[in-house]
Amino acid sequence: MAYIFLDESGDLGFKKNKRSSRFFVVTIIFSEDKRPLEKIARRVHKGLAKKYKKIGTLHAHREEPNIRRKVLRQLHEIDCSILAIVLDKNKVFTKMEDEKVVLYNYITNVLLGNFFNKKPIPTNRIVSLIASQRETNKFFNKNFQDYVRQQAKMKHGTVINVTIATPEQEFALQIVDFASWAIFRKYESNDDSYFNIIKSKIIDEALLYP
């Protein structure tokens with residue numbers, strides 16, 4: 001079984017204020033085995049529990065810099081590939097600002113297209129895509145799952161099992177969060193110090209509207 005874990009950083013809000021990011025990044029980690037990703041999360045959890053009695057989910061934006069670096073360094077050591085697509089919201093057509101679900105699905109589809117171009121998957125192989133839950137609306141979630149499955153089959157001849165889960169349910173999603181945050185910070189804050197830790201694992205990093 002091949003695994004694709006997907007998460008995003010930033011937001012799709014278009015209000016011109018400090019609460020809305022300029023960039024929105026969708027990131028995937030591809031791995032033949034999800035256990036190494038899960039082990040990173042469990043090791044970091046264990047260390048934090050001993051030091052801070054910490055219980056909960058790892059989130060890059062709220063962790064201390066040393067924890068961020070620790071996660072990213074361990075990610076650098078395992079066998080995986082990272083791909084990301086970066087949206088500069090200043091370049092989005094006005095009519096799309098009110099179609100956030102459509103825009104998100106489109107961004108994801110472009111990213112997966114880039115993935116299949118870089119990592120061709122045999123047509124007889126099933127891929128499991130696990131996306132971090134961003135919607136509570138069941139209709140939107142089903143729409144996303146159906147869309148991804150249909151596009152993968154139609155354009156790439158690949159069968160994808162699409163699951164939407166929380167980072168609490170799928171520990172590997174917590175690690176994708178760190179990778180996505182590192183790429184997001186490179187663009188949003190002009191800080192590539194975290195990005196550089198995992199740079200060698202990134203096989204594709206594309207601007208949606210260059």
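Computed from the coordinates by the stated procedures, all read-outs in this text should not be read as laboratory data. The shown structure was predicted, so the numbers you read here are calculated from the model rather than taken from an experiment. A quick note on method: Cβ atoms are made from the backbone with ideal geometry, for glycine too, and the neighbour counts reach across all protein chains shown.
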For segment 127-210: lysine pairs under 26 Å (alpha-carbon distance), excluding those fewer than 8 apart on one chain: 7
Histogram of C-alpha separations across segment 38-159, 5 Å bin width, %: 2, 8, 15, 15, 15, 16, 15, 9, 4, 1, 0
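Rounding to the nearest 20 debye, state how big the charge dipole of the chain is about its Cα centre with +1 on each Lys and Arg Cβ and -1 on each Asp and Glu Cβ. If you can, show how the numbers build up before the last one.
On the way: 37 positive and 24 negative charges, 114 e Å.
Roughly 540 debye, rounded to the nearest 20.
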Inverse of mean 1/r across different Cα pairs in the chain, Kirkwood, Å: 17.5 Å
Percent of Cα pairs exceeding the 17 Å cut-off, where the set is segment 20-69: 49 percent
